[in-house]
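All remarks here apply to the structure that follows.
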Amino acid sequence: MTEEQTKQEESKIEEFQFQAEMSQLLDLITHSLYTHREIFLRELISNSSDALNKLHFTSLTNADVLGDDAELKIEIDLNEEEKTFSIHDNGVGMTRDEFIANLGTIASSGTGKFIKQMTGDSKTDLDLIGQFGVGFYAVFMVADEVTVDSRSYESEEGFRWISKGTGSYTIEPIELKKRGTKISFKFKEDAEEFAGKWRIESTIKKYSDFVSFPINLNSEKTNQSTALWAKSKDDVKEEEYKEFYKYISNSTNEPLSWLHLSVEAPVQFNSILFIPEEPDKFQMTNDLDTRLHLYVKRIFIQNDCKELIPQWLRFVKGVVDSEDLNLNISREVTQKNVVMEKINKYLVRKLLGEFKDWSEKEKERFEKFWRDFGYFFKEGIHTDFANREKLIELYRCESSFEADKLTSLADYVQRMGTDQEEIYYVYGKNRTAIENSPNLEYFKKNKIEVLYLFDEIDDFIMPSIATYKEKPLVGIDKADLKLKDEKEADEKQEQLKDTDKKKILGYFKDILGDRVEDVIESKRLVDSACTLVSPKDSMNANMERMMKMMDQEFKGGKRVMEVNLNNPLVQHLSAIQQKFPQDPLLKDCIEQLFEGASLLEGTLEDPSELVPRTTSLMEKAAGLYLKSLED
């Protein structure tokens, strides 16, 4: 090129100043707007996808616009040695005026103007991602200078845009044989990590794996292109769902079930929700986020979107892709709006409907599901007041009537006797521990069903439910149970007189003092000598134990001691009291009964006296037994 030709070419270069305050805005975008610099690649691919979508939409009514370049795609070239990068799409391209409008004005949106030109249903046929201007400038986080070459599908003339992202940019005409846009630059020294093929490839996989068009990195296809959730569920095979679940969950297991949703109203979105076959043990802690991936028009936005689903449903995995969601300027998090709330409500309603169907039509499946995931539903009962009633209907637990099956509150009420006024429950570490509890004796004898609770959270749930179908829910370790006095004395066993009853109960009270709230005759005990129960409106032993774990200074309330006056040991103690009221054996036996009951309910803090006392009592009993054998 001669010196004269060079001057002629230079004369064609136009320099423009950015809008007022553009430098400040660019500084904000490139240094403060985005949390992760890798976002630059998502934004560039998004813009390329927009350009391809625009051309595809135009070609539906004018196939000639594709010409001999009909395969719409995105090409990325990376030179790891030179640290250079370029991304090229064969979409609509830009004219000189569009360069100025789209890249010279921050937040100017070629996409927005394109959409405004449409009317009616045509908007739903176009898959456009967002603003070109703002997203494009993310590239200055990793580059000092950027070059954009573009030729509009409506023009034979190409243009080059160059800027350092500061106060100005230049535009010059260049010769381009084909339509489309190419963005190229060299990575800054502090951004050279992105010059690695693996780094670019993994970022594409993370954010843009489901963009509608092929993305080729150094001529190798990198993305999946097909977004499973965007297809009709009739066109998706079972194996495809299973493979997609493994992909998004990083798991080798198959899902238990899934819901494929395509919703047009009240908001437009597509979703696939997966129910895992078994829970992740790390999800049992309630401080973890949800595991739903949020996409907007197939572009990944967030992998733990809290607003999409309640925390108690955090075991659900999947994707939600909406065209109606408004994003903030960096598109990293969604703005709070009614759209997200509507999606949330719809997803919860569909999931609860699915679980209800299982509970009614596939009981064995639901029972296994509940044993694995019931804890999460219990959290929901405690926290999700909007769906509380539906969750209560799904609640399941074991009971004294069905050893190997789960029962619902509705099942319990249906089996209740006509004269039973309350729904009874009891907490224990396991079934064996519960069935060895003295508090269960009355219910066993009278064939009254009791619900068995094994999770500590159940102890919070039952009092919070309070009533079900107008029947109060009552723990059997409460002192004020409405029990009928149906105990029949053994024919060979002599009943204590009223005066003797008062004396022995009073003696118990004197010995135990302020360690108990009261000592009363028991209606619930059949075989055991005594038990400890909670006064009305007080915490039970298990809840107090949990409170102490959270607060070492927490002081629990006193228990009521119930004494079975038909028990042979108690009757012997009464006889000793009448004849030898000062005998130390009386005190030892009462202390032993109290500490034994405390040990059984898990509230005995110091067993140091229990063990030697037990040995002493056994020595006396063994001596008397030996003597009886010798006689």
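The values are calculated or read from the model by the stated rules, or taken from the named source; none is laboratory data. It should be emphasised that the depicted structure is a prediction, and the values quoted were computed from it without experimental measurement. Here Cβ is always computed from backbone atoms with ideal geometry, including for glycine, and neighbour counts include all displayed protein chains.
Looking for whichever is at pLDDT 95 or above, crowded, with 21+ Cβ neighbours inside 10 Å and in contact with a Ser or Thr (Cβ under 7 Å, 6 or more places away or on another chain) here; the options are 150, 86. Which one fits?
150
Test of understanding: among 329, 392, which residue is at pLDDT 95 or above and more than 17 Å from residue 259 (Cα to Cα)?
Of the residues listed, the single one that is at pLDDT 95 or above and more than 17 Å from residue 259 (Cα to Cα) is 392.
Only one of (1) over 19 Å from residue 525 (Cβ atoms); (2) at pLDDT 90 or above; (3) part of a loop (DSSP other than H, G, I, E, B) fails for residue 418. Which number is that?
Against the list (1) over 19 Å from residue 525 (Cβ atoms); (2) at pLDDT 90 or above; (3) part of a loop (DSSP other than H, G, I, E, B), residue 418 comes up short only on (2).
Does at least one position in the stretch 596-609 carry a residue that is over 24 Å from residue 437 (Cβ atoms) and in the same structural domain as residue 513 (by TED's automatic domain parsing)?
Yes - at least one qualifying residue is present in the stretch 596-609.
Out of (1) touching a helix residue (DSSP H, G or I) at 6+ places or on another chain (Cβ under 8 Å); (2) surrounded by 15 or more Cβ atoms within 10 Å (Cβ to Cβ); (3) aliphatic (A, V, I, L, M); (4) modelled with pLDDT under 90, what's the single condition that is false for residue 301?
Going through the list (1) touching a helix residue (DSSP H, G or I) at 6+ places or on another chain (Cβ under 8 Å); (2) surrounded by 15 or more Cβ atoms within 10 Å (Cβ to Cβ); (3) aliphatic (A, V, I, L, M); (4) modelled with pLDDT under 90, residue 301 breaks only (1).
One residue is enough: does the stretch 68-88 have a residue meeting the conditions free of Cβ contacts under 8 Å to residues at least 60 places away in the same chain and of a type in the set (Gly, Ala, Ser)?
yes
Suppose we filter the stretch 456-476 for residues that are within 19 Å of residue 401 (Cα to Cα), in a loop (DSSP other than H, G, I, E, B) and not β-branched (Val, Ile, Thr); how many remain?
0
Suppose the filter is modelled with pLDDT under 95, more than 40 Å from the chain's Cα centre (by Cα) and crowded, with 20+ Cβ neighbours inside 10 Å; does residue 180 pass it?
Considered against the rule, which asks whether it is modelled with pLDDT under 95, more than 40 Å from the chain's Cα centre (by Cα) and crowded, with 20+ Cβ neighbours inside 10 Å, residue 180 comes out as no.
Matching residues to (1) out of contact with any strand residue (DSSP E or B) (no Cβ under 9 Å at 6 or more places or on another chain); (2) of a type in the set (Gly, Ala, Ser); (3) free of Cβ contacts under 8 Å to residues at least 12 places away in the same chain; (4) closer than 28 Å to residue 81 by Cα:
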{"site": "167", "(1), (2), (3), (4)": "no, yes, no, no"}
{"site": "185", "(1), (2), (3), (4)": "no, no, no, yes"}
{"site": "212", "(1), (2), (3), (4)": "yes, yes, no, no"}
{"site": "220", "(1), (2), (3), (4)": "yes, no, yes, yes"}
{"site": "235", "(1), (2), (3), (4)": "yes, no, yes, no"}
{"site": "248", "(1), (2), (3), (4)": "no, no, no, no"}
{"site": "255", "(1), (2), (3), (4)": "no, no, no, no"}
{"site": "262", "(1), (2), (3), (4)": "no, yes, no, no"}
{"site": "266", "(1), (2), (3), (4)": "yes, no, no, no"}
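Quick check on this structure: which one of 152, 219 is in contact with a Lys or Arg (Cβ under 8 Å, 6 or more places away or on another chain) and closer than 18 Å to residue 71 by Cα?
That would be 152, the only listed residue that is in contact with a Lys or Arg (Cβ under 8 Å, 6 or more places away or on another chain) and closer than 18 Å to residue 71 by Cα.
What number of residues within the stretch 421-438 are crowded, with 17+ Cβ neighbours inside 10 Å and part of a helix (DSSP H, G or I)?
2
Considering only residues that are of a type outside the set (Gly, Ala, Ser) and either in contact with a helix residue (DSSP H, G or I) (Cβ under 9 Å, 6 or more places away or on another chain) or over 12 Å from residue 175 (Cβ atoms) (or both), which ones fall in the stretch 143-159?
144, 145, 146, 147, 148, 153, 154, 157, 159
Since residue 469 meets every condition but one in (1) modelled with pLDDT under 90; (2) farther than 17 Å from residue 534 by Cβ, which condition does it not meet?
(1)
Determine whether residue 528 is modelled with pLDDT of 90 or more, of a type in the set (S, T, N, Q), in the same structural domain as residue 615 (by TED's automatic domain parsing) and assigned to a loop (DSSP other than H, G, I, E, B).
yes
Of a type in the set (A, V, I, L, M, F, W, C), assigned to a loop (DSSP other than H, G, I, E, B) and at pLDDT below 80 - does that describe any residue in the stretch 484-504?
The answer is yes; a qualifying residue exists.
Restricting to the stretch 575-615, name every residue that is assigned to a helix (DSSP H, G or I) and of a type in the set (Val, Ile, Thr).
576, 590, 611, 614, 615
Against the conditions (1) of a type in the set (S, T, N, Q); (2) within 16 Å of residue 469 (Cβ to Cβ); (3) surrounded by fewer than 18 Cβ atoms within 10 Å (Cβ to Cβ), where does residue 383 fall short? Just the number, please.
(2)
Among the residues that make up the stretch 205-214, is at least one of them in the same structural domain as residue 139 (by TED's automatic domain parsing), modelled with pLDDT under 95, farther than 30 Å from residue 349 by Cα and under 27 Å from the mean Cα position of the chain (by Cα)?
The answer is yes; a qualifying residue exists.
Which numbered condition in (1) in contact (Cβ under 8 Å) with a residue 60 or more places away in the chain; (2) in a helix (DSSP H, G or I); (3) under 28 Å from residue 255 (Cα atoms) is the only one that residue 441 fails?
Only one criterion is unmet by residue 441, namely (3).
Which of the numbered conditions does residue 250 fail, given that it passes all the others? Conditions: (1) modelled with pLDDT of 90 or more; (2) under 30 Å from residue 196 (Cα atoms).
Among (1) modelled with pLDDT of 90 or more; (2) under 30 Å from residue 196 (Cα atoms), the lone unmet condition for residue 250 is (1).
In this structure, does residue 448 turn out to be part of a helix (DSSP H, G or I), in contact (Cβ under 8 Å) with a residue 12 or more places away in the chain and buried (at least 17 other Cβ atoms within 10 Å of the Cβ)?
The answer is no for residue 448.
Check whether at least one residue in the stretch 370-377 is more than 24 Å from the chain's Cα centre (by Cα) and among the aromatic types (Phe, Trp, Tyr), and report yes or no.
Scanning the stretch 370-377, I find no residue that is more than 24 Å from the chain's Cα centre (by Cα) and among the aromatic types (Phe, Trp, Tyr), so the answer is no.
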